[in-house]
Every structure is written in structure tokens, then in C-alpha cells.
């Protein structure tokens, strides 16, 4: 019975997170916003390779685990391109998602940078065949039989991202444009349409040059398909020009996280630990997330200067 309950809980959770999973699962979006916003592709004017891994509900049987690997970088003067693949497993449920990001950067003013982007993704969901050996499996269950064969879905999202004086940053993402539209067709609910699901991210970086110290508060508002509305509050502190980074996050659904990280030359490393305030926390030992990233400077392009990394939008030599 315990095994069956585990399967049901994980199946429901992962099913709810199947749309726009990166936003619903990963918490390092404020460090590497390319996870949620396609407009960030190439924004930093450098080639970036990163891997995000998260283990949720550690210590719980068949708990969800997710790995996301991606690349993004500039193409020419104003374009950005990115590729990503994500795998996730929870109980007997497995998902594989591939994504492509395209972005265009608009030259407005010297201290204002804006980019628009779109992403196209394909997701394959399947269930392990050994589930048929369970006493709770019933032949003729159409949903499970389709999942055993594997089900694929397409989706898309649109994003905007911008910085002001390389210190204030904001992003808007319209998610689930395909699935949201299909839901609006299949149901009579006025809430189900392709503009129902969005994320808005805003923050500002304060920098004290004499102390080589920075403080970056940010907020994320999100409404994701089949997931309750959520508000995230984040604060990130950088020491010694971000050679050491620490942060705190609060999620309105009832969770708090702590983060430690470092930036050494072109190498980035972040780790966070998260605890929930919900009663389910007594059955697990929290969630862990780690991000490894490498950045490679692009070749000089005539008339262009290298932009800062969007995850740390303020330059190192500015005062506030």
C-alpha cells in the first residue's frame, strides 16, 4: 500500500508540473534565468553551457529527480539561440523534454537592453512497464495504456527580458501557448486560454565598490498551468566581486531555501537546500538543487561590446 501511495503522489505531482516544468521545479531561475525565459538566449553576449540537477523530497521512496542541460549563446549582432534537454523521473513516471530557444535583441539606448524570444518544446511521457505487475493495475485503463506506449506533446512560450543601466532587470514569460490554447478549446472555462499562464520576474542589484559587495533582491510572480499561483521572494548577496554568493528564497506555497555559490573566471557553481512548511515535510529530508555552468567569451563583433551576465545584471565597477 505504501508503494502504491508513493506512485499516486508522485504521478499527480509530476503530471501537474508537466507544463512549463522548469519554472515549476527549479529554484535557480534567478541565478540563470535562461531556465524559464527564452529571451535570455544570447543576452549576455557569451556562450553558456549549464547543467541543473534537482532532487526533491530526498529520503522519500521514488521521489522526483530532474536533470536539465542547456546551451545558449549569441548569433551575429542581435540574435540568440539555445538548446535544452530535460529528464525527470518520479515513481514509475518518466519524462523527456527537448527545447529550442530563439531570441532577438533590440538596440534602444546605451543603458537599456531589451530582448524578445520564443521557445518550442516537445515532451515525451511514459510509465515503466513493470507497473503492470501491480495489483492495482487494471487492463483496459486507456490513460495508463497510452502512457505505457509513451505520449508526446508540443508546446511553446514567448518571453521578454530587459535591463536598465545593467542594474535593474525584468522579464515576462507567456507560457504554455499551445497547451493553454488546446485547454481553452476543450473546456468551457473562461480561465483556460493561451494567455492564462505567465511569469513576471523583477529585481535590482545594488553594488558597493569599496567593499566589493552586492545585494540583489528580486521577486517572481507566476501562474502556471495546473499549479497554484505563486510568489517567490529572493535575495542574493555577493562578496569579493561574487567570488562567494549566498542567498535566501521564500515561496508562497510554503517553502524556504538557502543558497551558496561561487564564480571563478568562467566557471559558476550554485547549490541550494529547501525545506517545506507543509505537513509532508515530515516524510522527507528536503530538496537539493545544484547548478554547474561555463561561459565562453564570444569573438569580438564590430560595433558591439560584451554585455554582463543576466544573472548578475550590475557591472562590477558601478556604485549605487
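Every number in this text was worked out from the coordinates using simple rules, so none of it is lab data. All of these numbers come straight from a predicted model, not from anything done at the bench. Backbone-built Cβ (ideal geometry, glycine too); neighbour counts: all protein chains shown.
Listed values, structure above:
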item: Alpha-carbon gyration tensor eigenvalues x 5, square-rooted, for segment 32-95, Å; result: 31, 10, 8
item: Per-pair calculated FRET efficiency, R0 = 25 Å: residue 288 and residue 85 via Cβ, rounded to 0.05; result: 0.75
item: Relative contact order computed over segment 203-282 (Cα-Cα under 8 Å; 6+ residues apart), in percent; result: 19
item: Order of 201, 288, 251 - criterion: other Cβ atoms within 10 Å of each residue's Cβ, fewest first; result: 288, 251, 201
